[in-house]
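Asks: Next up is a structure, given as structure tokens.
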Amino acid sequence: KGTIAESEQVIKKYLEKVEKPTEEACIICMETLNVASGYADAAESKHMKPTAVGKLTKCGHTFHQLCMLAMYNNGNKDGSLQCPSCKTIYGEKTGTQPKGNMEIFLIPQSLPGHQDCGIIHIVYTIHPGTQGPEHPNPGKPYSARGFPRHCYLPNNERGKLVLELLKLAWARRLIFTIGISSTTGESDTVVWNEIHHKTEMSSNMSGHGYPDPNYLDNVIAELAAQGVTEDCLNM
Ligand code: NAD
Ligand code: ZN
Ligand code: ZN
């Protein structure tokens with residue numbers, strides 16, 4: 001996916017050229033910005049010079065253009081960039097979640113700590129399969145343990161907002177990824193991807209249950225870190 005020219009276009013879209021680079025270090029290659037990129041050989045580019053420096057348009061952090069290109073080509077090349085210094089996202093970040101299903105049900109009971117409303121029940125189903133080019137070991141199989149996975153939200157205003165954000169995160173393939181499970185140590189398996197879910201409804205044995213008064217705020221912040229915010233829902 002993505003030709004060299006397409007990758008270069010993404011870099012050019014989000015970085016403006018810096019005419020007089022300073023002695024500040026590029027945090028991708030650790031060389032100073034007034035010398036050549038440490039990734040000049042690794043990055044295949046016809047048009048970018050090893051000494052070219054660019055500044056990200058929103059956050060203003062600066063890097064060698066070829067370092068940014070190497071970083072972009074090392075990712076899933078979805079047309080978006082994330083600043084390696086401050087994590088600001090440019091464009092629409094997507095993930096590598098394998099194909100599956102997200103289903104939503106309502107349960108006429110209450111969660112501990114949310115006695116005044118019902119429960120939103122989310123069921124994620126993912127089956128084992130073969131890794132694509134966006135995964136750690138393309139062509140190798142991946143396992144999918146503990147599916148379907150059941151998750152719970154309070155059915156109140158903020159819970160409903162989180163549900164809508166999670167649907168968007170699912171569509172952008174951000175809820176799961178393929179990697180090493182930190183719980184089991186297994187590699188090439190489907191794992192949660194930095195957006196925490198509550199998988200216990202009426203107990204809290206794993207720490208992934210209720211009550212947790214900060215949960216909705218925390219997960220909203222985790223979604224925002226992936227570029228999924230309330231603003232995206234109104235567009
Ligand atoms: P992981 O162990 O690599 O951890 C990734 C993230 O998921 C971490 O942030 C961790 O805090 C969180 N996490 C770990 N256990 C969780 C749990 N039980 N509920 C919610 N979040 C959890 O991630 P993983 O390998 O995807 O999942 C951890 C383990 O939990 C796996 O062994 C999986 O099979 C199991 N699990 C089972 C079910 C089920 O319904 N049977 C549901 C969720 C997770
Ligand atoms: Zn650099
Ligand atoms: Zn930045």
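The values are calculated or read from the model by the stated rules, or taken from the named source; none is laboratory data. Just so you know, these numbers come straight off a predicted model, no measurement behind them. Counting neighbours? That spans all protein chains shown, and the Cβs are built from the backbone with ideal geometry, glycine included. Please note that ligands, DNA and RNA were not included when accessible areas were found on the heavy atoms of the full protein model with its side chains. Shrake-Rupley method; radii C 1.70, N 1.55, O 1.52, S 1.80 Å.
Asks: Go through the range 87-115 residue by residue and tally those that are within 16 Å of ligand 3 (Cβ to nearest atom) and either modelled with pLDDT of 95 or more or surrounded by 12 or more Cβ atoms within 10 Å (Cβ to Cβ) (or both).
Replies: 5
Asks: Are any of the residues in the range 183-206 among the aromatic types (Phe, Trp, Tyr), modelled with pLDDT of 95 or more and open to solvent by less than 10 Å² (accessible area, probe 1.4 Å)?
Replies: no
Asks: Need pairs with beta-carbon distance below 8 Å; first residue under 14 Å from residue 105 (Cα atoms) and of a type in the set (Gly, Ala, Ser) and within the range 145-172, second modelled with pLDDT of 95 or more and open to solvent by less than 50 Å² (accessible area, probe 1.4 Å); sequence gap 6+ or separate chains.
Replies: What qualifies is 159/114; 159/117; 159/120; 159/153; 159/216.
Asks: Is it fair to say residue 80 is open to solvent by 40 Å² or more (accessible area, probe 1.4 Å) and among the small types (Gly, Ala, Ser)?
Replies: Numbers: open to solvent by 40 Å² or more (accessible area, probe 1.4 Å): no; among the small types (Gly, Ala, Ser): yes.
Against the criterion (open to solvent by 40 Å² or more (accessible area, probe 1.4 Å) and among the small types (Gly, Ala, Ser)), residue 80 does not qualify.
Asks: Based on this model, can you work out whether residue 224 counts as assigned to a helix (DSSP H, G or I) and free of Cβ contacts under 8 Å to residues at least 24 places away in the same chain?
Replies: The answer is yes for residue 224.
Asks: I'd like to know if the range 26-40 contains one or more residues that are among the aliphatic types (A, V, I, L, M), touching a strand residue (DSSP E or B) at 6+ places or on another chain (Cβ under 9 Å), open to solvent by 50 Å² or more (accessible area, probe 1.4 Å) and in a helix (DSSP H, G or I).
Replies: No: the range 26-40 contains no residue that is among the aliphatic types (A, V, I, L, M), touching a strand residue (DSSP E or B) at 6+ places or on another chain (Cβ under 9 Å), open to solvent by 50 Å² or more (accessible area, probe 1.4 Å) and in a helix (DSSP H, G or I).
Asks: Quick one: is residue 172 within 30 Å of residue 61 (Cα to Cα) and either surrounded by fewer than 19 Cβ atoms within 10 Å (Cβ to Cβ) or of a type outside the set (Ser, Thr, Tyr) (or both)?
Replies: yes
Asks: I've got another one for you. In the range 184-203, what residues are within 20 Å of residue 222 (Cα to Cα) and within 20 Å of the chain's Cα centre (by Cα)?
Replies: Correct list: 190, 191, 192, 193, 194, 195, 196, 197, 198.
Asks: Now for a separate question. Please specify each residue of the range 51-74 satisfying the condition of being surrounded by fewer than 17 Cβ atoms within 10 Å (Cβ to Cβ) and away from ligand 3 (no atom under 15 Å from the Cβ).
Replies: 51, 74
Asks: Can you tell me which residue among 212, 217, 188 is within 15 Å of ligand 1 (Cβ to nearest atom) and farther than 28 Å from residue 129 by Cα?
Replies: Working: 217 fails: within 15 Å of ligand 1 (Cβ to nearest atom); 188 fails: farther than 28 Å from residue 129 by Cα.
After applying the criteria, what remains is 212.
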